[in-house]
Amino acid sequence: MNITKEFTPDRQAIVTVEVDEERMQGALKRAAQHISRVRPVPGFRPGKAPYEMVERAFGKETLVEEALEDLARVVYGQVLDDAEINPIDVGKLQVVQNDPPIFKYTIPVAPEIKLGDYKAIHMQPDPVEIDDAEVNAVIDRFQEMQATLAPVTRGAQNGDVVIVDITGGLADAEPVQEKDLRITLGGAQGARLPFEAEIVGMNVGDTKEFDYTYADDFDDQVARGQTGHYIVTVTDIKEKQLPELSDEFAQAVSQFSTLEEFKGNIYQLLRRQKEHDLEHKFANDVLQAVVDQSEIVYAPIMLEQELEHRLGHLQEDIKRLGLTWENYLSYSGKTVEELQTELRPQAEKALKQMLVLGELMRVENITVSREELNADIERHVQEALKSGAKENVARKAYTQKDARSSIEFNLRVNKIMRRLVAAAKGEPTSGLILTPEMVSGENAIPSGLITDPRQVRQELAKGI
């Protein structure tokens, strides 16, 4: 055999194999024997008919096709024995020539990642800021929950809760017949009733007949740009009355005795949530900074697999919402190809980040001990028990090989991310920390320490 290979810039090995005539003849004889075994030639026992008889009975093309399939499989296995080829997926075969055979294999190989000077990256997270407007927005929601409704004798206004009967609709659509429909004018439910502005000013018992033209970007594609005719009757109007902000209000909606304590708790909750969000954002920003300075080359199939993975997750989410995939595509007005185009930038970003994480873990030699792994498995089991799972089922699920591998990988990712974030902030990433106790103690200070100025007071540090 004559084998030539080349590697493309997008991490694919192109291997061309020319099979000699002798090997082809051997493959043809094996093909004839196999075919005559499955479909015996009259007058001969299965698999015992002479080659010429089999060729005459089934044709040379059938034998060549069978021989090529056999040869291509055997040759591919030999190609993969090449140490330079590190396949990440099944290669594609092109039969360039039948007899003697010339095979061309396109094989996706392992990606190539060259990290930049990621240790020189210095960043700081955004400061956590909570303003009064955010706290007040939470208070407003609690007020809304405690609001009462009182009848009014005036015309309807934004913010009122109204009960209406509606008939009519688009000329070519099924007529609308809504009775005792409850809406909040100007509220979140207004999207259900795009012409609610027509109701403002109406009194209880009023009936109004009007035409309404839907906007060109209206959610329902069928209604876009169309004009419908509607008759609306108001049967009730109530005004929302919010409770006064007082200590009594705080006691009614929380465990706190005063309004100030209640506000203080909301402030702390918002702060912790924002801290968590900003920490997550900062970690992602640091990782992206490492990605941006890295050289990353991967085979096209890797991006296609990531796209397929994300599309599968989207389909699962749609199913959980009670929609079929076909209905979702119809409602969204998009094809699968258009969705893939939308998802491609996210998929490419995620793929590059994962490849860089993998290289970082290799370079930094990030490992997980058996004790760490078992401890995290136990944490998962306990969380499952709190959610109502049976202990034997939970333990079996989290101790299976795939589950252990997934948990171990996540632990390694967490370790490298903590190291990256600490380095970007200028914090210690390894070694022992010099503490005040070490400075003031009688024993000699250990070597190989990392001084953290936040843990050593200035007056103590002077004595080092």
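Some observations on this one:
- Residue check, Glu371 touching a Leu at 6+ places or on another chain (Cβ under 7 Å), among the charged types (D, E, K, R) and either on the phi < 0 side of the Ramachandran plot or not in a helix (DSSP H, G or I) (or both): no
- Where Gly190 falls short, out of the listed (1) under 22 Å from Glu144 (Cα atoms); (2) assigned to a loop (DSSP other than H, G, I, E, B); (3) at pLDDT below 90: (2)
- Being in contact with a strand residue (DSSP E or B) (Cβ under 9 Å, 6 or more places away or on another chain) and either at pLDDT below 95 or of a type in the set (A, V, I, L, M, F, W, C) (or both) is not true of Leu339.
- Hits in the range 37-95 - residues which are of a type in the set (Phe, Trp, Tyr), more than 55 Å from the chain's Cα centre (by Cα) and surrounded by 15 or more Cβ atoms within 10 Å (Cβ to Cβ): Tyr51
- Matching entry among Gly264, Gly225, Gly187, Gly201 (being under 21 Å from Gly159 (Cβ atoms) and surrounded by fewer than 14 Cβ atoms within 10 Å (Cβ to Cβ)): Gly201
- Residues of the range 222-231 include at least one that is out of contact with any helix residue (DSSP H, G or I) (no Cβ under 9 Å at 6 or more places or on another chain), without any contact (Cβ under 8 Å) to a residue 12 or more places away in the chain and not in a strand (DSSP E or B).
- Candidates Glu348, Glu295 - the one that is without any contact (Cβ under 8 Å) to a residue 60 or more places away in the chain and either in contact with a His (Cβ under 6 Å, 6 or more places away or on another chain) or acidic (Asp, Glu) (or both): Glu348
- Exactly one residue among Asn392, Asn410 is at pLDDT below 95, in a helix (DSSP H, G or I), over 22 Å from Glu279 (Cα atoms) and among the polar types (S, T, N, Q), and that residue is Asn392.
- Members of the range 310-341 found to be among the charged types (D, E, K, R) and surrounded by fewer than 13 Cβ atoms within 10 Å (Cβ to Cβ), listed by number: Glu316, Asp317, Lys319, Arg320, Glu326, Glu337, Glu338
- Selected residue (only one of Thr8, Thr62 is farther than 30 Å from Pro300 by Cα, of a type in the set (S, T, N, Q) and out of contact with any Asp or Glu (no Cβ under 6 Å at 6 or more places or on another chain)): Thr62
- Per-region count, the range 40-58, residues assigned to a loop (DSSP other than H, G, I, E, B) and among the β-branched types (Val, Ile, Thr): 1
- Against the criterion of being surrounded by 13 or more Cβ atoms within 10 Å (Cβ to Cβ), at negative phi and in contact with an Asp or Glu (Cβ under 8 Å, 6 or more places away or on another chain), Tyr298 qualifies.
- Test: Asp220 is modelled with pLDDT under 90 and either within 38 Å of the chain's Cα centre (by Cα) or among the acidic types (Asp, Glu) (or both): yes
- From the options Ala384, Ala397, Ala423, residue that is farther than 25 Å from His280 by Cα and either of a type in the set (Ser, Thr, Tyr) or at pLDDT 90 or above (or both): Ala397
- Lone unmet requirement of (1) surrounded by 13 or more Cβ atoms within 10 Å (Cβ to Cβ); (2) of a type in the set (D, E, K, R); (3) more than 19 Å from Ile416 (Cβ to Cβ) for Asp376: (3)
- For the range 285-299, taking the residues that are aliphatic (A, V, I, L, M) and not in a helix (DSSP H, G or I), the one that is farthest from Leu355 (Cα to Cα) is identified as Ala299.
Let's see how each residue does on (1) assigned to a helix (DSSP H, G or I); (2) in contact with a helix residue (DSSP H, G or I) (Cβ under 7 Å, 6 or more places away or on another chain); (3) under 28 Å from Leu115 (Cα atoms); (4) not aromatic (Phe, Trp, Tyr):
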{"position": "Ala250", "(1), (2), (3), (4)": "yes, yes, no, yes"}
{"position": "Lys263", "(1), (2), (3), (4)": "yes, yes, no, yes"}
{"position": "Ala283", "(1), (2), (3), (4)": "yes, yes, yes, yes"}
{"position": "Glu304", "(1), (2), (3), (4)": "yes, no, yes, yes"}
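- Residue that is hydroxyl-bearing (Ser, Thr, Tyr) and more than 30 Å from Leu357 (Cα to Cα), where the choices are Thr62, Thr106: Thr62
- Unmet requirement for Phe210, which otherwise passes all of (1) touching a helix residue (DSSP H, G or I) at 6+ places or on another chain (Cβ under 9 Å); (2) over 23 Å from Ile183 (Cα atoms): (2)
- Matching option when the condition is within 30 Å of Arg271 (Cα to Cα) and not basic (Lys, Arg), among Ile130, Ile166: Ile130
The values are calculated or read from the model by the stated rules, or taken from the named source; none is laboratory data. Just so it is clear, the structure is predicted and the values come from calculations on it, not from any experiment. Cβ: placed from backbone, ideal geometry, glycine included. Neighbour counts: every protein chain shown.
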